[in-house]
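The numbers here are math on the coordinates, done by the rules we state, and not lab data. Note that the structure is predicted; figures quoted are calculated from it, not measured. Positions of Cβ are backbone-derived with ideal geometry, glycine not excepted, and every protein chain shown enters the neighbour counts.
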Amino acid sequence: MARVFEKIDDKLHGVSSPERYIGREWNMKKKDWNEVEHRVCLAFPDVYEIGMSHLGISILYHLLNSRDDILCERVFSPWKDMEQLLRDENTGLFSLENKRELTDFDIIGFTLQYELSYTTILNMLDLGGIPVKSEDRSGESPLIIGGGSTVFNPEPLTDFFDLFFIGEAEAGIISLVRRYKELKNQELPRAEILKRLSGIAGVYVPSLYEAEYDRGDFSGLFPTGDGVKENIERQFIEDLDEAFYPTEPIVPYMDIVHNRAALEISRGCQRGCRFCAAGISYRPAREKSKETILKQAGRIIESTGYDEISLTSLNTVDHSQIEEIVADLNEMYRDEKISISLPSLRVNDFSVNLARSVQRVRRSGLTFAPEAGTQRLRDIINKGVTEEDYLAAVRAAFKNGWHRIKLYFMIDLPGEREEDLEGMVDLVQKTAEIGSEIRKQNRKEMKPVEIQVNVTTFVPKPFTPFQWKAMSSRQEIEKKIEYLQSELRGGRISFDWNDPELSRLEGMLARGDRRLNEVIYSVWREGGRLEGWSEEIDYELWQRALNKSDLSPEQFISERDTEERLPWDHLLPGVEKQFLREEFEKSFKGIPTPDCRWSECSFCGVCDTPHSMIQIAEQQVMRDDD
Amino acid sequence: MMIRAGFAKKKRLRYISHLELLDTMRRAIRRADIPGEYSRGYNPTLNLSLSQPLPVGMPGGSEYLDLNLKERIDGEKFVQDLNLYLPAGIEILRAKFVGHDNLKSLQALVDRARYIIDPPLKDEERGRDLLQAFAAKDELIITRKRRNKEDRDYDLRSMVHEIKMTPEGRWSFLVSTGSRGHVRPQEILQGLRKIESELPEVPIVNFYREGMYVSHMSQDDELLTPLAEEILEER
């Protein structure tokens with residue numbers, strides 16, 4: 001068991017990036033295997049450098065390890081060369097800490113963060129010697145659980161998971177881990193254990209439900225036994241200041257994707273962009289207080305030795321104290337050569353000024369996401385940015401010395417017309433012209449202007465107002481890309497896009513139902529894995545698997561009626577379906593819905609007492625006092 | 001002023017690349033609150049340099065680092081403090097404070113490396129004969145493969161300065177390293193194969209870089225290390 005690593009250690013020099021597989025990083029928590037009651041392994045269905053950049057893994061790893069009776073280890077997907085080595089040496093996939101095979105753990109918890117990583121999950125189970133299908137697992141098999149951002153439609157994965165945790169796992173993982181062992185120690189049959197676990201808030205045991213279909217379409221999902229709850233409510237933590245946050249995160253050797261200290265300063269975003277799934281599932285937006293942020297920042301920098309700290313959030317600039325936080329951090333670390341980075345900036349000149357205050361040294365590139373090319377379309381998607389805002393931000397960026405601007409747009413948005421693509425081209429050209437003009441004014445101060453345009457195909461996701469919308473055919477999307485390709489030319493502009501076929505596949509899995517389980521299974525059996533890496537994906541496999549199951553992507557990505565039953569209707573994300581319907585209706589009319597933190601309540605359903613109601617109540621009290 | 005230190009990169013961290021080692025050291029120095037000096041410019045980083053890179057997969061018993069300082073710190077304290085903050089598998093062995101800035105860089109200084117090789121032959125006597133045959137050669141021309149360049153022939157024998165069998169029966173080669181002539185570890189095997197063509201491959205993990213030395217400043221037969229008093233003196 002524990003000798004598994006010795007078997008391959010000397011052969012690791014033959015695989016690419018062997019440091020992915022050795023563990024032993026600073027701040028890694030390796031506990032004595034025999035001294036703890038509960039053994040959990042967090043599994044991430046992609047390679048080390050991607051998984052180690054994922055904040056959720058870090059939070060759960062350190063949270064679980066903070067309890068004396070629990071040990072938590074990590075495993076990532078091996079790259080193909082390492083998979084070959086493991087199979088050749090007849091060695092099971094092992095954890096990085098105690099180098100234990102997956103079968104030695106009580107629970108394996110997979111992160112669901114991207115639809116195209118699903119086949120990799122199956123592959124990791126198989127490499128770990130665990131039956132890929134839940135129904136084939138015996139009492140000795142670890143409990144296979146899943147959670148993460150795409151857990152809001154777990155239906156395509158119901159054959160492979162014993163249970164899902166819906167929502168923020170910090171809110172329930174510890175009691176789930178302990179409860180499982182309690183039941184297991186009673187030597188109950190696996191099915192009975194699962195049934196009892198299903199009583200825990202946020203736990204969804206898919207085998208307790210059955211899907212029905214009507215003439216080839218999904219028509220509903222129903223509990224199969226007494227005492228099985230009809231709906232599963234997503235769980236979340238209410239107060240970020242009270243919540244656990246890892247201030248001694250692992251410091252990888254490898255140059256991972258986000259190689260810096262990550263400090264979450266808020267969670268959720270209520271701007272209400274109608275395409276955004278995270279904007280729904282992480283409601284309500286919650287802030288960490290400045291005091292907590294500064295305290296945690298100090299501790300993280302001390303414990304890691306990082307020279308860069310990233311203030312992460314879905315929308316960093318919306319933190320109500322962001323200016324003071326940045327100013328205080330700058331003050332604290334003036335002499336320690338620590339740089340602060342702010343991902344996810346909104347498009348306005350406040351953002352630029354903020355960026356200026358943190359990027360005093362490295363002024364290379366700045367990213368904006370106007371998402372759509374015209375006001376009309378931005379109103380449809382509720383991206384509350386005007387062209388004036390945007391152009392002011394761009395001007396401020398160039399004036400402050402940035403010469404490279406990255407722009408994110410989406411194509412194939414609902415309601416998109418030719419004029420919107422023309423508008424996108426126009427906006428890019430205007431951006432380049434502003435840059436060149438400013439450069440002319442202070443020629444010596446600025447490198448040549450570079451505009452990097454990045455276009456992705458819009459993918460409708462469950463629990464968004466666009467969950468009923470169709471995706472276009474590959475040919476239609478390609479035509480749009482060709483148009484942009486021919487228009488977005490010239491020395492200052494570069495244009496990059498993602499494969500529309502990949503987006504359509506993502507869209508199918510995102511809105512799929514249980515029938516996709518056997519498609520995913522079949523693609524994996526034929527060699528599909530690590531499909532998030534575009535050079536690794538083979539569309540033929542998907543086509544063949546779909547044909548075999550008599551299915552087509554169109555069944556899942558075409559337009560749906562808002563009254564139809566959806567495969568994820570049994571999950572309750574906090575936001576009400578009626579709100580999504582209203583947002584859907586409003587989108588056609590181009591009616592914006594403002595953020596309720598600065599405006600009236602939009603009645604999304606997430607608060608017991610809507611925020612604006614509280615305000616009104618407070619005003620009422622004040623008036624009564626007068 | 002600066003610190004020069006010798007350190008070991010042990011087997012358990014042999015798969016960390018040179019750049020990763022540099023980052024690991026930098027972060028440990030920051031955690032240990034050692035008063036290192038930063039580079040100026042847009043992207044200030046600790047002024048830290050290492051001796052010649054170890055190939056990924058090979059442990060090293062006596063590697064070296066130079067760190068510029070903004071405040072004095074004694075060698076012993078440096079060893080003690082930094083070891084507390086380094087991951088297991090990297091260990092500072094000794095360090096000396098240098099009060100001036102007039103040292104040659106490690107990469108310019110170090111010109112000898114000693115590699116210990118797990119012999120690919122079971123028979124120790126055959127190995128001994130092979131090493132003797134190698135030593136007896138006046139010349140051993142081998143071909144160096146170069147990335148994006150033409151292959152080049154060179155005389156390996158003239159760059160091997162000592163050949164021994166260790167008491168445990170492993171093969172020890174002292175070879176030139178650095179900018180004034182450099183032997184790649186696998187080229188030693190290429191040379192041996194000129195004598196015994198059937199000699200099996202030796203994976204890089206069966207090599208060990210035991211020490212690194214400075215020969216061109218050594219007076220007699222004894223090799224100096226970059227930490228020798230003679231070398232640390234201000235010139």
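Name the residue farthest towards the positive end of the dipole of chain A from the options A:Thr103, A:Ser313, A:Gly423, assuming +1 on Cβ of Lys and Arg, -1 on Cβ of Asp and Glu, about the Cα centre.
Highest projection toward the positive end goes to A:Gly423.
For B:19-26, what's the mean count of beta carbons from other chains sitting within 10 Å of each residue's beta carbon?
That average works out to 3.
Hey, in the GNM for chain B with a 10 angstrom Cα cutoff, which one of B:Gly41, B:Gly211, B:Gly75 fluctuates hardest?
In this elastic network of chain B, the residue with the biggest mean-square fluctuation among B:Gly41, B:Gly211, B:Gly75 is B:Gly41.
Quick one: grab the alpha carbon gyration tensor of the stretch B:51-112, order the square roots of its eigenvalues as a ≥ b ≥ c, and give me rounded if a/c is under 1.5, else prolate or oblate depending on whether a/b is larger than b/c.
Judged from the Cα gyration tensor, the stretch B:51-112 comes out oblate (a/c at least 1.5, b/c at or above a/b).
Work out the length of the dipole vector of the stretch A:1-128 about its Cα centre, built from +1 on the beta-carbon of each Lys and Arg and -1 on the beta-carbon of each Asp and Glu, and round it to the nearest 20 debye.
Its charge dipole is roughly 120 debye.
Starting from the Cα of B:Glu150, step 7 Å along the direction of its Cβ; do the same at A:Thr386; then give the gap between the two resulting points in nm.
Rounded to a tenth, the inter-label distance reads 6.9 nm.
For an R0 of 30 angstrom, estimate the FRET efficiency from the Cβ-Cβ distance between A:Glu526 and A:Lys406 and round to the nearest 0.05.
Working from the Cβ atoms, E equals 0.25.
Calculate the dipole size of the stretch B:2-108 relative to its Cα centre from +1 charges on Lys and Arg beta carbons and -1 charges on Asp and Glu beta carbons; express the result in debye to the nearest 20.
240 debye
Relative to the first principal axis of the alpha-carbon coordinates of chain B, what is the inclination of helix B:124-136, with its axis defined by its Cα atoms, in degrees from 0 to 90 and to the nearest 10?
80 degrees
What chymotrypsin sites (Phe, Trp or Tyr not before Pro) does the stretch B:17-86 have in DSSP loop regions with at most 11 other beta carbons within 10 Å?
Of the chymotrypsin sites (Phe, Trp or Tyr not before Pro), the ones in loops of the stretch B:17-86 whose Cβ has at most 11 other Cβ atoms within 10 Å are B:Tyr42.
Among A:Asn353, A:Gly373, A:Val385, whose Cα sits farthest toward the positive end of the charge dipole of the protein assembly as shown (+1 at Cβ of Lys/Arg, -1 at Cβ of Asp/Glu, about the Cα centre)?
A:Asn353
Roughly how big is the protein assembly as shown's charge dipole about its Cα centre, with Cβ charges of +1 (Lys, Arg) and -1 (Asp, Glu), in debye to the nearest 20?
Computed about the Cα centre, the dipole is about 2220 debye.
Mind pulling the angle between the C-alpha long axis of helix A:55-65 and the longest principal axis of chain A? Nearest 10 degrees, somewhere in 0 to 90.
Taking Cα atoms only, the helix is inclined about 40 degrees.
If the limit is 26 Å between Cα atoms, which of A:Lys11/B:Lys9; A:Lys383/A:Lys577; A:Lys31/A:Lys290; A:Lys288/A:Lys589; B:Lys149/B:Lys194 go over it?
A:Lys31/A:Lys290; A:Lys288/A:Lys589, as the Cα separations exceed 26 Å there.
Relative contact order for chain A using alpha-carbon pairs under 8 Å, separation at least 6, rounded to a whole percent?
14 percent
Among bridges DSSP assigns within the protein assembly as shown, what percent are antiparallel (round to 5)?
Antiparallel bridges: around 55 percent, rounded to the nearest 5.
Quickly rank A:408-415, B:195-202, A:552-559 as a protection proxy: mean count of other C-beta atoms within 10 Å, highest first.
Ranked from most to least packed, the peptides come out as A:408-415, A:552-559, B:195-202.
With axes computed from alpha carbons, what is the tilt in degrees of helix A:387-399 against the longest principal axis of chain A, rounded to the nearest 10 within 0 to 90?
With rounding to tens, the tilt is 90 degrees.
With a cap of 15 neighbouring Cβ atoms within 10 Å, and only residues DSSP puts in a loop, list the GluC sites (Glu not before Pro) found in the stretch A:177-240.
When the GluC sites (Glu not before Pro) of the stretch A:177-240 are filtered for loop state and at most 15 Cβ neighbours within 10 Å, A:Glu187, A:Glu230, A:Glu238 remain.
Along the stretch A:118-125, what does the Karplus equation 6.51 cos²θ - 1.76 cosθ + 1.60 (θ = phi - 60°) give for ³J(HN,Hα), rounded to whole Hz, x for Gly and Pro?
For the stretch A:118-125, the Karplus curve yields 5, 5, 5, 4, 4, 5, 5, 4 Hz.
Whole angstrom only: what separates the Cα centroid of the stretch A:228-307 from the Cα centroid of the stretch A:407-431?
32 Å
If amide hydrogens are placed 1.01 Å from N in the peptide plane, which non-local residues have theirs closer than 5 Å to the one on A:Ser494?
Amide H to amide H, under 5 Å and 5 or more residues apart or across chains, A:Ser494 pairs with A:Ile451, A:Gln452, A:Val453.
Using θ = phi - 60° and the Karplus form 6.51 cos²θ - 1.76 cosθ + 1.60, what ³J(HN,Hα) does each residue of the stretch A:555-566 get, whole Hz, x for Gly and Pro?
4, 9, 10, 8, 4, 10, 7, 6, 9, 4, 7, 10
Let's test the formula: R0 of 45 Å, r as the Cβ-Cβ distance of A:Ser138 and A:Glu248. What FRET efficiency results, to the nearest 0.05?
Between A:Ser138 and A:Glu248 the formula returns 0.75.
Taking square-rooted eigenvalues a ≥ b ≥ c of the alpha carbon gyration tensor, is the protein assembly as shown rounded, prolate or oblate, where a/c under 1.5 means rounded and, failing that, a/b exceeding b/c means prolate?
prolate
I need the calculated FRET efficiency for the pair B:Met165 and A:Met332, taking r as the beta carbon distance and R₀ as 51 Å, to the nearest 0.05.
Efficiency for this residue pair is about 0.30.
Can you list which of the trypsin sites (Lys or Arg not before Pro) found in the stretch B:14-88 are DSSP loop residues with at most 15 other C-beta atoms within 10 Å?
B:Arg40, B:Lys70, B:Arg72
Residues with amide H under 5 Å of A:Ile232's amide H, sequence separation 5 or more or different chain, H placed in the peptide plane at 1.01 Å from N; which?
A:Leu571, A:Leu572
With unit charges on the beta carbons (Lys and Arg positive, Asp and Glu negative) and the dipole taken about the Cα centre of chain B, which residue among B:Pro203, B:Met25, B:Leu109 sits farthest to the positive side?
Of the listed residues, the answer is B:Met25.
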